[in-house]
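Below you'll find the structure, written out as C-alpha cells, and then a few comments.
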Amino acid sequence: MARPPRAVFVTLAVALTLPIALSGAAGAQAVPGRSQSDSSTTAAPLVLPPAKTEGVAPTATGVQKALAAALADPSLGKHHGVYVYDASRAKTLTSIGATRPFVPASTMKLLTTLSALSTLGADHRFTTKTVSAASGSVILIGGGDPLLAVRPGASDDFPRRASLQELAAGTARSLRSQGVASVTLGYDAGLFTGPAANAKWEPNYLTEGIAARTSALWVNEGRLSPGMAKRAPSPALAAATAFAGLLRTAGIKVTGSVKPVAAPTTADALAEVQSASLGDIVEYINLHSDNDGAEVLLRQVGIATQNGGSYTGGVKGLRATLAGLGINVTKATIYDGSGLSRTNQVPLEALAGAVRVAVAKPELRHLVSGLPIAGFTGSLEDRFAGPGSAAGTGLVRAKTGTLTGVHSLAGLVRDRTGTLLVFAVATDSAPPDKALDARAALDRISATLANCGCA
C-alpha cells in the first residue's frame, strides 16, 4: 500500500537529518592525542552540501507543456495565468495569461511585508510606552505594534507578544517610586493619520470583524475579546480603557475618564514594552495571512519612507520601495496592504518578484522563511491533498490569496532536478460555485512545478 504523501515527506526529512545527528554524536567523542579543551580543532566537513543547480535547465517550452493540462481546468475561469522564474539561473521561464494584472487578494501581503523588511530591517521593534506630562498625569502612547496583546499568551506562542500587563506593571512601579498613587490617563494614537477604515473595502469587513480600523494603539488587533471577531469602534480607546483597569489592578488609582491627547515631546518616560522583531512579525503575518498586521505595516512603511502614516502615505512608500528593489509596479493599482480590496490590481511578475528579491537578499529572508508549507503549516496546512497535487506536499512554499472568485498562490519550489523556481499563479474570474475546484487547480499547477524537469 502506498504511503500518504505526508508520510513520505516525513521519511525524507528524517533521512536528510539523520546524517547530521550522527555527525554530531561522532564529534562529541574524544580524539586521541588531543585535549578535550583544545580549541584548535579543524572544522568538520559538511554533512550535506549547499543546494545548487543540477541536471538540465528547465525551458520555457518544457514548463508550458507541463502546465498545459492544469491550466486548462475550466474552474479557473477566463482570466487566469502563471508566471515562473528560474531563480537558480536568474531567468524568466514563462508568463502565461498574464498580459494584464490580477486582483491579488492576500498575496498582496508579500509586497507589504517585503517593503517593511526593506525599509525598517528585520531586527526593528515597535515600542509602546507611557509618559508623564505632569504630576499625576499618565499618557499611553501607541507605537504601531501590530501584535500588542491584552495578555501575553502561552510562553511557547510565536512570536512572543508585548503585553499591556507588562507595561502596566512597569508603569505602576515607576509611579510608586515617585510616590504617586493616583493618576489621570490619556492616550496618544497619533502616529498613524488619515482614515482608520479603508474606503475600498466591502462595508461588511468592519461590521463582521474581518478587519479592524487600523490604529497605532490597539490590543488583540482591536478585538473586544481575545480570539473573537468583533472589533472595537475605537481600538485605541479600547486599549486605553483596558490599560486603566490594569493600572488599578496594579494598585494605581485612575480618576476621571480616559481621553485622547497629544503627548508633549518633553514628557518624562515611565515605562515601555517592545514588540517582537519585525522579522518574526513578517513571518507571522504571511504564515497566517493576518490582514490587520499587514495594514499596520503598510502605515509603518509610509512613516519609514517619510510619506506619513496614512493609507496614502503607506502606498506611496510601498511603491517607491518596491521600485528601488527592482520590482516593476508601474502597472499595479494598490489601495491597501492586506489585499482585502478587490480594486487592487497587481501583475503576477510583481508578486513573484517579491519572492525573487527575498531569495536573493539574505536581509529579506524572513519573507521566505515565513511562507506556508504545502500540507503542513499556516494557510496551506489543509491544502495539497487532492488528486494531482501530492507532489507539492512539503515542497511548495507559498503565500495564499482568497476572495470570492479570486484565488492566488505566490512562492517558490525546488524542482526534482534541483532548480529553484519562483512562481505566481492566480485567477480572479473563478465561478463562485467552483471555489474549491479553482483552489485545487492552483495546487496542481504548483505541484507540477515541484515534479518538473521541464527540459
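Computed values, structure above
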| read-out | value |
| --- | --- |
| Candidate set from segment 360-394 (those that are more than 25 Å from SER338 (Cα to Cα) and not hydroxyl-bearing (Ser, Thr, Tyr)); member that is nearest to the chain's Cα centre (by Cα) | GLY394 |
| Unmet criterion (only one of (1) under 20 Å from the mean Cα position of the chain (by Cα); (2) under 26 Å from ILE303 (Cβ atoms); (3) surrounded by fewer than 18 Cβ atoms within 10 Å (Cβ to Cβ)) for LEU148 | (3) |
| Filter result for the condition that a residue is polar (S, T, N, Q), assigned by TED's automatic domain parsing to the domain that holds LEU148 and part of a strand (DSSP E or B), over THR255, THR266 | THR255 |
| Qualifying residues in segment 210-226 (those that are within 21 Å of VAL273 (Cα to Cα) and in contact with a strand residue (DSSP E or B) (Cβ under 7 Å, 6 or more places away or on another chain)) - the one surrounded by the fewest Cβ atoms within 10 Å (Cβ to Cβ) | ARG223 |
| Single residue of ALA267, ALA238, ALA276 found to be among the hydrophobic types (A, V, I, L, M, F, W, C) and within 21 Å of LEU175 (Cα to Cα) | ALA267 |
| Cβ pairs under 6 Å, 6+ apart, first in segment 114-137 and closer than 13 Å to GLN300 by Cβ and touching a residue at least 12 places away in the same chain (Cβ under 8 Å), second surrounded by fewer than 20 Cβ atoms within 10 Å (Cβ to Cβ) and among the acidic types (Asp, Glu) | THR127/GLU272 |
| Residue that is crowded, with 23+ Cβ neighbours inside 10 Å and among the small types (Gly, Ala, Ser), where the choices are ALA229, ALA240, ALA197 | ALA240 |
| Flag for ALA441 being assigned to a helix (DSSP H, G or I) and of a type in the set (Gly, Ala, Ser) | yes |
| Scope segment 333-359; condition surrounded by fewer than 22 Cβ atoms within 10 Å (Cβ to Cβ) and either modelled with pLDDT under 95 or in a loop (DSSP other than H, G, I, E, B) (or both); matching residues | TYR335, ARG342, THR343 |
| Flag for THR404 being free of Cβ contacts under 8 Å to residues at least 24 places away in the same chain and either of a type in the set (S, T, N, Q) or touching a Gly at 6+ places or on another chain (Cβ under 9 Å) (or both) | no |
| LEU237 vs. criteria within 28 Å of the chain's Cα centre (by Cα), part of a loop (DSSP other than H, G, I, E, B) and under 16 Å from VAL138 (Cα atoms) | no |
| Those residues of segment 395-430 which are over 17 Å from the mean Cα position of the chain (by Cα) and of a type in the set (D, E, K, R), in sequence order | ARG414, ASP415, ARG416, ASP428 |
| Residue in segment 374-392 that is touching a Ser or Thr at 6+ places or on another chain (Cβ under 9 Å) and of a type in the set (Val, Ile, Thr) present | no |
| Qualifying residue in segment 404-423 (condition: modelled with pLDDT of 95 or more, closer than 16 Å to SER115 by Cβ and part of a loop (DSSP other than H, G, I, E, B)) | no |
| Strands (runs of 3 or more DSSP E) wholly inside segment 65-137 containing at least 3 residues that are in the same structural domain as THR171 (by TED's automatic domain parsing) | 127-134 |
| Count - residues of segment 367-390 that are part of a helix (DSSP H, G or I), surrounded by 23 or more Cβ atoms within 10 Å (Cβ to Cβ) and in contact (Cβ under 8 Å) with a residue 60 or more places away in the chain | 2 |
| Residue among THR249, THR265 that is at pLDDT below 95, of a type in the set (Ser, Thr, Tyr) and out of contact with any strand residue (DSSP E or B) (no Cβ under 7 Å at 6 or more places or on another chain) | THR265 |
| Filter pass, TYR187 being part of a helix (DSSP H, G or I), under 30 Å from GLN306 (Cβ atoms) and under 29 Å from the mean Cα position of the chain (by Cα) | no |
| Yes/no for ALA212 being touching a residue at least 60 places away in the same chain (Cβ under 8 Å), touching a helix residue (DSSP H, G or I) at 6+ places or on another chain (Cβ under 6 Å) and part of a loop (DSSP other than H, G, I, E, B) | yes |
| Cβ-Cβ under 9 Å pairs, at least 6 apart or on other chains, segment 192-204 side in the same structural domain as ASP145 (by TED's automatic domain parsing), far side part of a loop (DSSP other than H, G, I, E, B) and surrounded by fewer than 14 Cβ atoms within 10 Å (Cβ to Cβ) | LYS200/THR343 |
| Hits in segment 311-332 - residues which are closer than 21 Å to ASN286 by Cα and either of a type in the set (Ser, Thr, Tyr) or touching a His at 6+ places or on another chain (Cβ under 9 Å) (or both) | TYR311, THR321 |
| Selection from segment 305-332 of residues that are part of a helix (DSSP H, G or I) and surrounded by 20 or more Cβ atoms within 10 Å (Cβ to Cβ) | TYR311, GLY313, GLY314, VAL315, GLY317, LEU318, ARG319, THR321, LEU322 |
| Every pair of residues 6+ apart whose Cβ atoms lie under 8 Å, when the first sits in segment 50-71 and is within 15 Å of ALA450 (Cβ to Cβ) and at pLDDT 70 or above while the second is buried (at least 17 other Cβ atoms within 10 Å of the Cβ) and basic (Lys, Arg) | ALA70/ARG444 |
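The values are calculated or read from the model by the stated rules, or taken from the named source; none is laboratory data. All values reported here derive from a predicted model rather than from experimental measurement. Glycine also receives a Cβ, built like all others from the backbone with ideal geometry; neighbour counts cover every protein chain displayed.
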